[in-house]
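Participant: Before I ask anything, let me first share the structure, which is written out below as structure tokens.
The values are calculated or read from the model by the stated rules, or taken from the named source; none is laboratory data. Source: prediction; values computed, not measured. With ideal geometry, Cβ positions are generated from the backbone for all residues, glycine too; neighbour counts draw on all protein chains shown.
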Amino acid sequence: MTVAESVTHEQIHVLYNDHHNWLQGWLRKKLGCSENAADLTQDTFVRIISASSRCDNALAIREPRSYLATIARRVMVDYFRRQRLERAWEEALATLPEAEDISPEMRLLVIETLYEIDLMLDGLGHNVRQAFLMSQLEGLSYAVIAEQLSVSVSSVKKYMARATEQCLLFALDNSDS
């Protein structure tokens with residue numbers, strides 16, 4: 001272990017020891033559930049550890065509680081996004097005629113895939129997102145998509161280019177981790 005890694009390890013250790021209980025209490029108040037608060041507290045520290053391994057001096061923090069709350073809010077957003085996707089998937093399954101039992105592994109794989117797609121498309125406008133999903137999930141032609149969105153076919157082509165670029169950038173950004 002290098003000196004820099006040792007310092008970062010020590011800084012994380014101190015941050016964890018000094019603020020873990022506070023963060024878990026803060027999350028418990030926000031979530032109303034001690035189990036979820038404990039999970040998200042750990043996820044917050046995992047995110048900090050992961051970030052510190054990618055950049056130097058990641059823990060030169062003046063306001064540790066503010067820093068932890070910011071990271072924890074991002075973790076909560078991801079948690080609620082995932083919950084929303086899981087509910088939507090469960091509702092979609094319920095509308096299908098007697099679906100086969102899906103193994104827990106397959107369920108997790110589907111949820112992870114939906115979550116990744118949602119993250120990839122995050123930040124795109126409504127029409128761009130809709131055009132991409134209609135094309136990729138429903139197999140609709142650009143002309144049909146244009147009709148359903150009340151836009152031109154050339155707009156759909158631009159939407160698809162923007163969505164594809166977003167997906168590629170997301171994949172490149174996440175290929176390092």
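Participant: ILE145 versus (1) farther than 30 Å from ASN36 by Cβ; (2) touching a residue at least 24 places away in the same chain (Cβ under 8 Å): which is the lone unmet condition?
Facilitator: In the conditions (1) farther than 30 Å from ASN36 by Cβ; (2) touching a residue at least 24 places away in the same chain (Cβ under 8 Å), ILE145 misses (2) alone.
Participant: When both residues are 6+ apart or on different chains and their Cβ atoms are under 6 Å apart, which pairs have a first residue that lies in the stretch 37-52 and is of a type in the set (D, E, K, R), and a second that is in a helix (DSSP H, G or I)?
Facilitator: ASP43/VAL75; ARG47/ILE71
Participant: Right, another one. Condition (residue is within 18 Å of ASP43 (Cα to Cα), assigned by TED's automatic domain parsing to the domain that holds ILE12 and within 16 Å of the chain's Cα centre (by Cα)) applied to the stretch 83-96: is it met by at least one residue?
Facilitator: Within the stretch 83-96, one or more residues are within 18 Å of ASP43 (Cα to Cα), assigned by TED's automatic domain parsing to the domain that holds ILE12 and within 16 Å of the chain's Cα centre (by Cα).
Participant: Got a number for residues in the stretch 120-163 being loosely packed, with under 14 Cβ neighbours inside 10 Å, in a helix (DSSP H, G or I), out of contact with any helix residue (DSSP H, G or I) (no Cβ under 7 Å at 6 or more places or on another chain) and not charged (D, E, K, R)?
Facilitator: Number of matching residues: 4.
A quick yes/no check of all residues on (1) modelled with pLDDT of 95 or more; (2) in contact with a Pro (Cβ under 9 Å, 6 or more places away or on another chain); (3) β-branched (Val, Ile, Thr):
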site	(1), (2), (3)
LEU15	no, yes, no
LEU23	yes, no, no
LYS30	no, no, no
ASN36	no, no, no
ARG47	no, no, no
SER50	no, no, no
SER53	no, no, no
ILE61	no, no, yes
